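The values are calculated or read from the model by the stated rules, or taken from the named source; none is laboratory data. Owing to the predicted nature of the structure, the values given are computational and were not obtained by experimental measurement. Here the Cβ positions follow ideal geometry from the backbone for every residue, glycine too, while neighbour counts run over all protein chains shown. Heavy atoms of the whole protein, side chains included, go into the accessibility calculation; ligands, DNA and RNA do not. Shrake-Rupley method; radii C 1.70, N 1.55, O 1.52, S 1.80 Å.
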Amino acid sequence: MNFVSYAFLLLLGVVLIGRLVLGPRKIESPYVALLLVASVLFYGWHVPMYLLILVGSTAVDYVAARAMGPRPTVDAPASQRRTLALIASLTTNLGLLGFFKYGDFGLESLAALLQSIGVEVSLPTIGLALPMGISFYTFQSMSYTIDVYRGRLAPCERFGRLFLFVAFFPQLVAGPIVRASEFLPQLDRPRRLRARVVTEGLYLIVLGYFLKMVCADNLGVYVDGHWNSGYEPGASPWLLVWLTLLFSGQIFSDFAGYTAIARGAAFLLGYRLPLNFNSPYVAGTFKNFWERWHMTLSRWLRDYLYIPLGGNRGSSARTYVNLLVVMVLGGFWHGAALPFLAWGLLHGAALAVERVTGMHQQRVPRPLILRLAWFLVVQLIVLVTWIFFRSETIGDAVRFIGNIGGGGDGPFPAEVFWVGLLFLLPVIVMHVWRALVEGGQVRDLGPFGKAITSGAMLFGIASAYGGSDAFIYFQF
Amino acid sequence: MHGAYVAVALATLGGLVSATAALWAWTPLRHRTMDIAETIRPLSRFAYLAADRRSGHVDHYALYQGLGEIADRLRAADVLFIGNSRLMFGLPQEQVRAFFGARGISYYVMGFGHTEGLGFAEDIVERLDLHPKLIVANADGTFFTNEVSEWAALVMETGRFDALKYRAEAEATHWVRRHLHRVIPHVLELYRNEPEFIVYRSSRDGTWRVEWDRMTNDGAGVPMDDGRVDEADVRTVAIARRFQLDMAARGAQLVLCSIPSPHVSQGHGRALAEQLGVPFLAPVVDDIRHFDGSHLTPASARRYSEALLAELDGVLRTHVPELLGAPVRPREDPVP
């Protein structure tokens, strides 16, 4: 089910009524059962068959965690059975992800490789649609078994509780990637639906719909309509720079919008989901960018990949390799395509270079001019990486970048600039406001400010909604 | 206290809406209209949303899955019209209903937008197992192809439940937009001032009802059939002949017609009909006009369809006389 649909609003409304009637403290069993049913309905709305994958992978994780036995201690370290259970869980999750997401890419790459050494083969393709949200829920599921394996979390006693953690419908399809240790304890924590919760939840939902329907969808019209012209010689460099800026606004609005709706809906239903975006375009360093962009993926990669690889505890060279590996895999997580790999590689390289220069240490006092210059470098490179992210192939991205420096005299329609600016402006204002708040120049919006902003955003939704209902991150 | 914040939010919204509505009503902006706000939905409960800007061609879903009574009506049809949007614009509801109602013949108009070719319609005939006695195809040069539009390909991948969901979402969105934009405009649509294509379709006979005042512009003239016979493309003939044989196996005879359009050679349709040995309906009517370079204006469509149906009457008498002998069936759905 899509957030931008009346079906979703109806479902959310029904579950909210259910909360009032069945679960005023939100821990009552009938209300939890209703959440489970709603989550199943939400996920099965488009392809019910894929529920089997969701249930199957969760069942494997449930059994694996239960099979791990008691927590390891100094006297009784982790048993072999414990390790085997973890391997079973990781193999299942990564196997499903690999099969659906990377199967065809792997087969095509293998065929190309064989062809390059003179072996002509015709390999079959899997050709299955990617189950919605599989990249998100497999990562969530793995965090559960890894945390149980590490002894940081007790295994779930009831399957339904674990399934609700994985399938909780506000965050099922496109995150945030919640950890079991964040969600499961909330199941037993009573939380009444107070007025403050309602207003805060509604504010987040309105903000999310505004970002998605007004900013992302309208920016998307111009990005989609003109992006391919960037591959052709003679394209206006100013148009291409502008399109890159519009795309950076579009992808932020699209994904941050989804997350805001997810967090708002979850809040109304009695659950807190972690922040996923914190004005990433004010980041002064690459490290800080990843502390602000898709924060739950960043910390997942940090805690379950970067640190186990050794993090920054080894030699400098090893740290740089770890950064590159993690970011390339982070890019690959987005999709089985070379531009995503390039995107991840560029970010990994940028993080490594930043570490070499020491610019990643934000608390070190530096002259304003240097901080400003590095901020511009960071944001410029982030923009360049978006070109790879948005392009179909690496060749397209390189041509696009080449045309920016090419001095072409192609058209730059005035509407693309002015209307694009109109819908980029809210994103700019959000970021500037956040920078001012963090700098202590202004105070963050209070309830009164949020109320006025909500009214204005509702007006924006009613009078300037865009024409799409698809979220970019649904494809991941 | 939190109730006060909700009141502030609503007051802000109300203020902005009022200010915009006032600007729209009392400034030169009043000359700009939104089609979605002005459209008049047919009162008939058998009329469903076929297409609008937000949802695209919903009728592809409805007909492909035979939603509601559509499947039954299609199966009951003795005369089936197939073609693209030129056919749909060229066969107005009132004329078609009057013609077939007077003869007591069941019919269905199953054309589609998106420059849809034969492939999609043929798939519906097979999957809903239709057995019309006569099929009238608008052979306008692009119709006899096995290709389907991207939109149709998407529709063909979805199931019945998906179609029901899509239609429900489309109807809800349409309803909200119709009512919302009577109060405040959509600022971008008002700025661009582009007409919106809004169509309702009868589930009973498949005819379109286009609710779009700006379409009634006079338009330009369409050249009429000069009786010439062009050379029919070999591949087109092969596709048409296979279709003819497949339909014959279902007990249906094929008739070709050609709704005039600036870029349509009626000589092509005539050549194809000769190759297939089937009747070709292309009456000559003076002063036929199109509004957009492709489709007939309502006034031209009325006059042209009357002439076309008069020619069809002769074909009915010679090819399917048993239909004319059938008792007149009462039509249950009033023309809205």
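Annotations
- Working from Cα pairs under 8 Å separated by at least six residues, relative contact order for chain A is 20 percent.
- Bins of 10 Å from zero: percent of alpha-carbon pairs in the range A:252-310: 23, 42, 29, 6
- Extension gain from B:GLU38 to B:GLU171, taking 0.36 nm per residue of separation minus the Cα-Cα distance: 46.2 nm
- Loop trypsin sites (Lys or Arg not before Pro), the range A:286-380 (other Cβ atoms within 10 Å of the site Cβ: 14 or fewer; DSSP): A:ARG313, A:ARG363
- Quarter the surface of the alpha carbon convex hull of the range A:41-113 and you get the mean projected area, 7.5 square nanometres.
- Average accessible area per residue (Å²) across the protein assembly as shown - probe 1.4 Å, nucleic acids and ligands excluded: 42 Å²
- In whole angstrom, the range B:1-157 maps to an equivalent ellipsoid with semi-axes of 42, 19, 17, each derived as √(5λ) from the alpha carbon gyration tensor and ordered largest first.
- With at most 10 other Cβ atoms within 10 Å, longest stretch of chain A clear of loop GluC sites (Glu not before Pro) (DSSP): A:158-476
- Mean partner shielding of peptide A:456-467, defined as the number of other chain Cβ atoms within 10 Å of each residue Cβ, is 6.
- Intensity falloff of the range A:172-233 expressed as log10 I(q)/I(0), Debye formula with alpha-carbon point scatterers, at q = 0.24 Å⁻¹: -1.09
- Counted as membrane-span-like here are DSSP H helices of chain B whose alpha-carbon atoms extend 24 Å or more along the helix's own axis and whose Kyte-Doolittle mean is 0.0 or above; these are B:2-26.
- Legend: residues in the range B:126-175 shielded by at least 30 square angstrom of accessible surface upon adding the remaining protein chains to the isolated chain (1.4 Å probe, heavy atoms) are B:PHE161, B:LYS165, B:GLU169.
- Fully extended contour minus Cα-Cα distance, from A:LEU94 to A:PHE417, at 0.36 nm per residue: 111.9 nm
- Chain B: relative contact order as a whole-number percent, Cα under 8 Å and 6+ apart: 26 percent
- Computed from label points 7 Å out along Cα-Cβ, the spacing between B:GLU147 and B:GLU194 is 2.2 nm.
- In the distance distribution for the range A:278-359, Cα-Cα pairs more than 20 Å apart total 28 percent.
- Taking all C-alpha pairs of chain A, those more than 38 Å from each other amount to 28 percent.
- Among beta bridges identified by DSSP and lying wholly in the protein assembly as shown, the antiparallel ones come to about 45 percent.
- Each of A:ALA111 and A:LEU309 was given a label point 7 Å from its Cα along the Cα-to-Cβ line. The distance between the two points is 3.1 nm.
- With at most 11 neighbouring Cβ atoms within 10 Å, loop GluC sites (Glu not before Pro) (DSSP) excluded, longest segment of chain B: B:1-230
- Across peptide B:181-192, the mean count of Cβ atoms from other chains lying within 10 Å of each residue's own Cβ comes to 3.
- Peptide-level mean, for A:39-50, of C-beta atoms on other protein chains within 10 Å: 1
- The base-10 log of I(q)/I(0) for the protein assembly as shown, evaluated at q = 0.06, 0.09, 0.11 Å⁻¹, reads -0.49, -1.04, -1.35 [Debye formula, identical scatterers on Cα atoms, solvent excluded].
- Within the range A:220-276, the percentage of alpha carbon pairs spaced more than 15 angstrom apart rounds to 58%.
- With both labels modelled 7 Å from their Cα along Cα-to-Cβ, the B:THR318 to B:ALA25 distance reads 6.2 nm.
- The helix-based estimate of mean residue ellipticity at 222 nm for chain A, built from -39,500 (n - 2.57) per DSSP H run of four or more residues and divided by its residue count, is -21000 deg cm²/dmol to the nearest 500.
- Span from the the range A:12-63 Cα centroid across to the the range A:383-399 one, whole angstrom: 39 Å
- Size-normalised alpha-carbon gyration radius of chain B, reference 2.2 N^0.38 Å: 1.10
- Computed over the Cα atoms of the range A:1-150, pair by distinct pair, the Kirkwood hydrodynamic radius stands at 18.6 angstrom.
- Zone of B:MET156's modelled label, taken as backbone nitrogen in the range B:91-124 under 19 Å from a point 7 Å along Cα→Cβ: B:110-124
- Shape category assigned to the range B:86-178 from the gyration tensor of Cα positions, a/c cut at 1.5: oblate
- Dividing the convex hull volume of the alpha carbon atoms of the range A:336-476 by its residue count gives 193 Å³ per residue.
- Three-way shape label, the range B:101-142, alpha-carbon gyration tensor, a/c 1.5: oblate
- Spatial separation of Cα centroids for the range A:170-207 and the range A:300-361, in angstrom: 30 Å
- For the range A:91-186, the extents of the C-alpha atoms along the principal axes are 57, 28, 20 Å, listed from largest to smallest.
- Ranking B:LEU67, B:PHE112, B:ALA11 by Cα position along the charge dipole of chain B, where only Lys, Arg, Asp and Glu carry charges on their C-beta atoms, puts B:ALA11 farthest toward the positive end.
- In plain terms, if you count all Cα to Cα distances in the range A:166-321 and split them into 5 Å steps from zero, the share in each step is 2, 9, 13, 15, 15, 14, 12, 9, 7, 3, 1, 0, 0 percent.
- Relative contact order (%) - the range B:53-131, alpha-carbon pairs under 8 angstrom, separation at least six: 40 percent
- For A:LYS287, the aspartates and glutamates whose Cα falls under 14 Å of its own Cα, not counting residues fewer than eight places away in the same chain, are A:GLU354.
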